[in-house]
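*Asks:* The structure follows.
The values are calculated or read from the model by the stated rules, or taken from the named source; none is laboratory data. On a predicted model such as this, the values are computed, not experimentally measured, just so you know. Don't worry about glycine lacking a Cβ; one is built from the backbone with ideal geometry, like all the others, and counts go over all protein chains shown. With ligands, DNA and RNA removed, areas are computed over all heavy atoms of the protein, side chains included. Shrake-Rupley method; radii C 1.70, N 1.55, O 1.52, S 1.80 Å.
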Amino acid sequence: MSTESLKNNHLKRIRVIADFQFGKNTGEYLFPDECEFKLSTTKRIRYVLLDGDRVATVRANDGRLTLSNKGASRLYECLKEPGYRVNIKSEVSSFVESGKNAMAKHVVSADENIRAGDEVLVCDESGRLIATGSALLSGEEMTAFNYGVAVQIRKGS
């Protein structure tokens with residue numbers, strides 16, 4: 001079997017995961033044909049690279065994607081608002097941008113389709129992407145609660 005057909009299989013697989021996780025047609029935008037793959041020792045996709053930079057990692061425990069800053073930026077460009085966005089108060093954006101968690105009391109708005117465990121884009125009030133992370137609350141809970149962590153930040157921009 002040629003390595004080109006393996007690459008095509010990897011590309012199809014990663015695009016299907018992205019479409020499932022973030023919505024239809026996001027996979028093709030997030031992962032263009034030029035993507036490269038680093039495999040685990042069990043020959044499963046572990047990292048997706050574009051131009052030598054990591055775009056996403058496939059989590060071993062559930063097969064879902066976590067995004068790098070580059071991947072988050074590509075998803076931000078691809079999805080229309082409010083798609084997987086959590087907007088926080090601008091006065092705390094510098095803390096979140098430096099990698100601190102986004103607290104529920106600072107959430108201004110959130111996509112109501114967000115579920116706990118989803119990979120989300122954290123933006124300031126003006127809509128500028130500042131971080132990516134994992135939602136600990138649903139979108140509805142983020143706007144309703146006044147305490148606790150809303151998004152566990154993985155990477156600030």
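*Asks:* When the residues of the stretch 55-77 are narrowed to those that are among the charged types (D, E, K, R) and touching a helix residue (DSSP H, G or I) at 6+ places or on another chain (Cβ under 7 Å), which ends up nearest to VAL16 (Cα to Cα)? Give the steps one after another, and end with the answer.
*Replies:* Of the residues in the stretch 55-77, the ones among the charged types (D, E, K, R) are 59, 62, 64, 70, 74, 77.
From the residues that got through so far, the ones that are touching a helix residue (DSSP H, G or I) at 6+ places or on another chain (Cβ under 7 Å) too are 64, 74.
Working: ARG64: 11, ARG74: 16 Å.
Of everything passing the filter in the stretch 55-77, ARG64 is nearest to VAL16 (Cα to Cα).
*Asks:* If LYS43 satisfies all but one of (1) charged (D, E, K, R); (2) surrounded by 13 or more Cβ atoms within 10 Å (Cβ to Cβ); (3) over 22 Å from ILE130 (Cα atoms), what's the number of the condition it fails?
*Replies:* In the conditions (1) charged (D, E, K, R); (2) surrounded by 13 or more Cβ atoms within 10 Å (Cβ to Cβ); (3) over 22 Å from ILE130 (Cα atoms), LYS43 misses (2) alone.
*Asks:* Just to be sure, is VAL48 within 30 Å of GLU125 (Cβ to Cβ), in contact with a Leu (Cβ under 9 Å, 6 or more places away or on another chain) and surrounded by 16 or more Cβ atoms within 10 Å (Cβ to Cβ)? Steps first, answer last, please.
*Replies:* Details: within 30 Å of GLU125 (Cβ to Cβ): no; in contact with a Leu (Cβ under 9 Å, 6 or more places away or on another chain): yes; surrounded by 16 or more Cβ atoms within 10 Å (Cβ to Cβ): yes.
No: the conditions fail for VAL48.
Let's see how each residue does on (1) touching a helix residue (DSSP H, G or I) at 6+ places or on another chain (Cβ under 8 Å); (2) open to solvent by less than 40 Å² (accessible area, probe 1.4 Å); (3) over 19 Å from GLY23 (Cα atoms):
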| site | (1), (2), (3) |
| --- | --- |
| LEU79 | yes, yes, no |
| ALA102 | yes, yes, yes |
| SER109 | yes, no, yes |
| MET142 | yes, yes, yes |
| ARG154 | no, no, yes |
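*Asks:* Now for a different question. If you go through the stretch 11-40 one residue at a time, how many are more than 11 Å from VAL55 (Cβ to Cβ), part of a loop (DSSP other than H, G, I, E, B) and open to solvent by less than 50 Å² (accessible area, probe 1.4 Å)?
*Replies:* Of the residues in the stretch 11-40, 2 are more than 11 Å from VAL55 (Cβ to Cβ), part of a loop (DSSP other than H, G, I, E, B) and open to solvent by less than 50 Å² (accessible area, probe 1.4 Å).
Every residue, every condition in (1) under 20 Å from ARG74 (Cα atoms); (2) in contact (Cβ under 8 Å) with a residue 12 or more places away in the chain; (3) not in a helix (DSSP H, G or I), yes or no:
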| position | (1), (2), (3) |
| --- | --- |
| SER109 | no, yes, yes |
| ARG115 | no, yes, yes |
| VAL122 | yes, yes, yes |
| MET142 | no, yes, no |
| VAL151 | yes, yes, yes |
| ARG154 | yes, yes, yes |
